[in-house]
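A.B. asks: Could you have a look at this structure, given as structure tokens, before my questions?
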Amino acid sequence: TAPESTTPPAPSDRILILLKPDAVERRLTGEVLRRIEAKGYEVTALRMLTADPRTLAEHYSEHVSKPFYPSIVQYMTRGPVIAAVVEGERVVEGVRSLMGTTEPTTAAPGTIRGDLGRAWEGPAMENLVHGSDSPASAEREIAIWFPELAAAAS
Ligand code: IDP
């Protein structure tokens, strides 16, 4: 019989997530990871660290020139973050969907930001979690936070 498919297996889908300092401070890191794991995704790398401004400038390169960028640095360096690589079928779409939209006030109920995020009070918008917005961003960000897991340059 013919093989079911002649398409080669897709490379493993992966995403870089950050549990931001507010998630650590509010003891919500387990809850956020629980939701991601309960959906069926696998955490394949995990690291707690305090982000340094250089790493953040790479990570947030698209925001560096924006007026609110200094408030992001202030927020993201005020305590440790947890960086993780999460894998699974269409995990970028899936985790972005679990996270909810950027601002917690209007993020849908049922999402991490919608259920757990607080109204925006300080200069930075605190929303508990970061997740790469595309597979290409995921690979770029994994190379920043987990250089040892960077995909081989093609
Ligand atoms: P995302 O995290 O949902 O992908 P982005 O637009 O990439 O959203 O923004 C990156 C992060 O910068 C947000 O998660 C939030 O913490 C912060 N942020 C976004 N917009 C603003 C703003 O207008 N003022 C302050 N902080 C912001």
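Since every read-out is calculated from the coordinates, none of them should be taken as a lab result. Just so it is clear, the structure is predicted and the values come from calculations on it, not from any experiment. Every residue, glycine among them, receives a Cβ derived from its backbone with ideal geometry; neighbour counts consider all protein chains shown.
A.B. asks: In terms of the ratio Rg/(2.2 N^0.38 Å) built on C-alpha atoms, what value belongs to region 13-147?
C.D. replies: Relative to the rule-of-thumb radius for its length, region 13-147 sits at 0.96.
A.B. asks: Using the C-alpha gyration tensor of region 9-68, what are the square roots of 5 times its eigenvalues, in whole angstrom, with the largest one first?
C.D. replies: They are 24, 18, 11 Å, listed largest first.
A.B. asks: Another question about this same structure. Using only C-alpha positions, report the orientation-averaged shadow area of the convex hull of region 77-117, nm², one decimal.
C.D. replies: 3.7
A.B. asks: Points 7 angstrom from Cα along the Cβ direction at ASP133 and GLU37: gap in nanometres?
C.D. replies: With each label point 7 Å from Cα toward Cβ, the separation is 3.0 nm.
A.B. asks: Below 8 Å between Cα atoms, with a sequence gap of 6+, how large is the relative contact order for the chain in percent?
C.D. replies: Values: 231 pairs, mean separation 50.7, N = 154.
The value is 33 percent.
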